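Read through the structure below, which is laid out as structure tokens, and then see the notes.
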Amino acid sequence: MSTTVEVSHLTKRFRGVTAVDDVSFTLQEGAIHGLLGRNGAGKTTLMQLLTGQEFATSGEISVLGSSPVENAAVLRNVCFIKESQKYPEDFKVKHVLKSAPWFFANWSQDFADSLVKDFDLPLDRKVKKLSRGQLSAVGVIVGLASRAPLTFFDEPYLGLDAVARHTFYDRLLADYAEHPRTVVLSTHLIDEVSNLLERVLVIDRGRILMDDTADALRATAVTVVGQHAGVEEFARNREVLARESIGGIASVTIAGLTDTERSQATAAGLELSPVSLQQLIVRRTGPMDATTEHTKENVA
Amino acid sequence: MDDGRPIFLQVAEQIENEVIEGSMPEGAQVPSINALAAFHRINPATALKGVTMLVDTGVLYKQRGIGMFVAAGARERLMAARRDNFRAEYIRPLLNEAAKLGINPVQLSDLIGKELQQ
């Protein structure tokens, strides 16, 4: 598989804080990647490094074959949509869309126009007068219509309602199918996007915690529920990601079970339930003492 | 799509179901990868993986440049495979649950008989 991005031993230190800590990974050309992790894990810093907006403290970055720093040939093929993009004072929406093609080699005006209709965006309104959701829509439109071979969306939909988010997912998938490109989607709404992702990178405290296909990660964990003693017996000597109990019932999330082990558990009267990508990441990156923490994401 | 199970398996199963139920008869063209991806809101690579699995197992066949079609005899083969799994997937769990609730085999077969009469 060819790679669009290759990073080796990349470190970024700010005064006293190591935001990115000796990470190495590649991004696969033409795949949609999820860059997931908690607040402050280093996602945005990583994307800033990959788009030449920050200088690395040490390590190597290759984007589309060369260093992205001050490299116009690379950057016109890279689009980075940030959560809090600043626009010039007095810019109207139409000015944003008019200037975007100056920066992106593959910009599609037709696609941008149709997205403006989809998101019902007022072209003549000043950007600073837009609602939070409309501002996010501007970013989403620029990111999609740029058709950049490497596109980053950093938490692109703050304030976008569920309908608009699904419009974004639908347009992204449809356009990606027609014009394959490498996409990196960083978000906290993991359940919403997990089916869109081909590969997943999870970053935790500046380090890469998981780097795999979404399908492989989906199969890595399982929750075992049953009588306390039986569950504990089964969980012994296995890697336990989370543990909860209510009365005599215990629930334990275990990493990696073979088919035989699954049948053993069922035969022992235990119930197995799947762990979604979001639950897996919560368990991997959350505090380990979550003994009685019944997180709301299970209900939602 | 439910969580936890690989999505490509679910895509494949859904196409299998349509073949078994007859809404996708033998010889019929299967939706394109991009159409499947858009419909299920999933990554096209995942949809491709599901369809490729069905090509490998002989449920679908590929006609280069035209698309994917349901293979002759696919329905019968799928039904035979599902029948093989019927015991493990339906009968065993049914008996386990019945045992848990204290329903004995005679009562269970009574229940099945009554349900069939309705």
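Listed by position, the helices (runs of 4 or more DSSP H) inside the stretch A:122-225 whose residues that are within 14 Å of chain B (Cβ to nearest Cβ), surrounded by fewer than 23 Cβ atoms within 10 Å (Cβ to Cβ) and at pLDDT below 95 number at least 3 are A:162-178, A:190-193, A:214-218.
Among the numbered conditions (1) closer than 30 Å to B:Val30 by Cα; (2) basic (Lys, Arg); (3) surrounded by fewer than 12 Cβ atoms within 10 Å (Cβ to Cβ), the only one that B:Arg82 does not meet is (3). For first residues located in the stretch B:99-116 and closer than 24 Å to A:Ala267 by Cβ and hydrophobic (A, V, I, L, M, F, W, C), partners that are surrounded by 10 or more Cβ atoms within 10 Å (Cβ to Cβ) and modelled with pLDDT under 95 and lie 6+ apart or on another chain with Cβ distances below 6 Å form the pairs B:Leu108/B:Ala98. Every listed requirement among (1) under 30 Å from B:Ala37 (Cβ atoms); (2) free of Cβ contacts under 8 Å to residues at least 40 places away in the same chain is met by A:Arg38 save one, (2). Going residue by residue through the stretch A:247-255, is there one that turns out to be on the phi > 0 side of the Ramachandran plot, surrounded by fewer than 18 Cβ atoms within 10 Å (Cβ to Cβ) and either touching a Pro at 6+ places or on another chain (Cβ under 6 Å) or without any contact (Cβ under 8 Å) to a residue 24 or more places away in the chain (or both)? Yes, some residue in the stretch A:247-255 is on the phi > 0 side of the Ramachandran plot, surrounded by fewer than 18 Cβ atoms within 10 Å (Cβ to Cβ) and either touching a Pro at 6+ places or on another chain (Cβ under 6 Å) or without any contact (Cβ under 8 Å) to a residue 24 or more places away in the chain (or both). Checking each residue in the stretch B:48-75 for being under 16 Å from the mean Cα position of the chain (by Cα), free of Cβ contacts under 8 Å to residues at least 40 places away in the same chain and more than 14 Å from chain A (Cβ to nearest Cβ) picks out B:Val55, B:Asp56, B:Thr57, B:Gly58.
The values are calculated or read from the model by the stated rules, or taken from the named source; none is laboratory data. Note that the coordinates shown come from a computational prediction; the quantities given were computed from them, not determined experimentally. Cβ coordinates were reconstructed from backbone atoms using ideal geometry, including for glycine residues, and neighbour counts include every protein chain displayed.
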